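Structure, as structure tokens:
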Amino acid sequence: MKRIIKIALLIFVAASAAYLVANELGWHEHGFENIGSTNGSQIIDENDEIKGSAVVVFYFHTSRRCFTCKAIESSIKEVLDTNFKLELDDGKILWRPVNLDKPENRHFINDFSLSNPTAVIAKIDDGKIGSHKELDLLWKIVRNKPVLNEYIKSETSAFLKMEKN
């Protein structure tokens, strides 16, 4: 009987440790429900300071945030501040971290067909989505910061160049 209890406790401890490690490394499920659709048309309300036309770099996350989620957001902010300071200062690029657990932000899930925390670069014209691109490699390269930062920089530059044409 003691042996069975020991084995059960060891299994419980091992499973708990594995869960904690997976949670810290960002391997847990981040799936979103598809609710709150706006049919992809109006994404910014009249209370937001986005007026006219701008390129918006969104980072979509939930309230429950692992180390990896925070690292991705930090890298995006760092790259924007370092490489796109002029565009940020003059409002050509706007930075918007968005918590999708807030009811007023749930529409973004359908607006951008989101299934996980991610970044999206979008052209916004009078509060409506224009062209947009998801940075879908973030989670695959997050462990290599120089590669991650170069990816964010190059995708943002390419998007800006495409929008000028």
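The values are calculated or read from the model by the stated rules, or taken from the named source; none is laboratory data. The model shown is predicted, which means the values in this text are computed figures rather than measured ones. Here Cβ is always computed from backbone atoms with ideal geometry, including for glycine, and neighbour counts include all displayed protein chains.
Would you mention how many residues in region 110-130 are under 19 Å from V55 (Cα atoms) and touching a helix residue (DSSP H, G or I) at 6+ places or on another chain (Cβ under 7 Å)?
Within region 110-130, residues that are under 19 Å from V55 (Cα atoms) and touching a helix residue (DSSP H, G or I) at 6+ places or on another chain (Cβ under 7 Å) number 6.
Since K102 meets every condition but one in (1) surrounded by fewer than 18 Cβ atoms within 10 Å (Cβ to Cβ); (2) closer than 14 Å to L160 by Cα; (3) not aromatic (F, W, Y), which condition does it not meet?
Status for K102: all satisfied but (2).
When the residues of region 110-147 are filtered to those that are without any contact (Cβ under 8 Å) to a residue 12 or more places away in the chain and assigned to a helix (DSSP H, G or I), which remaining residue is surrounded by the most Cβ atoms within 10 Å (Cβ to Cβ)?
I141
I'd like to check something: does region 15-35 contain any residue that is out of contact with any Leu (no Cβ under 7 Å at 6 or more places or on another chain) and at pLDDT 65 or above?
Looking through region 15-35, at least one residue is out of contact with any Leu (no Cβ under 7 Å at 6 or more places or on another chain) and at pLDDT 65 or above.
Let's see how each residue does on (1) touching a helix residue (DSSP H, G or I) at 6+ places or on another chain (Cβ under 8 Å); (2) part of a strand (DSSP E or B); (3) at positive phi:
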site: R64; (1), (2), (3): no, no, no
site: T68; (1), (2), (3): yes, no, no
site: E78; (1), (2), (3): yes, no, no
site: L86; (1), (2), (3): no, no, no
site: P97; (1), (2), (3): yes, yes, no
site: F108; (1), (2), (3): no, no, no
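Count, please, the residues in region 85-107 that happen to be touching a residue at least 60 places away in the same chain (Cβ under 8 Å) and within 11 Å of the chain's Cα centre (by Cα).
1
I'd like to check something: does region 153-163 contain any residue that is closer than 14 Å to S74 by Cα, in the same structural domain as S75 (by TED's automatic domain parsing), surrounded by fewer than 19 Cβ atoms within 10 Å (Cβ to Cβ) and more than 13 Å from the chain's Cα centre (by Cα)?
yes
Please go through region 137-165 and pick out each residue that is among the acidic types (D, E) and at pLDDT below 95.
E163
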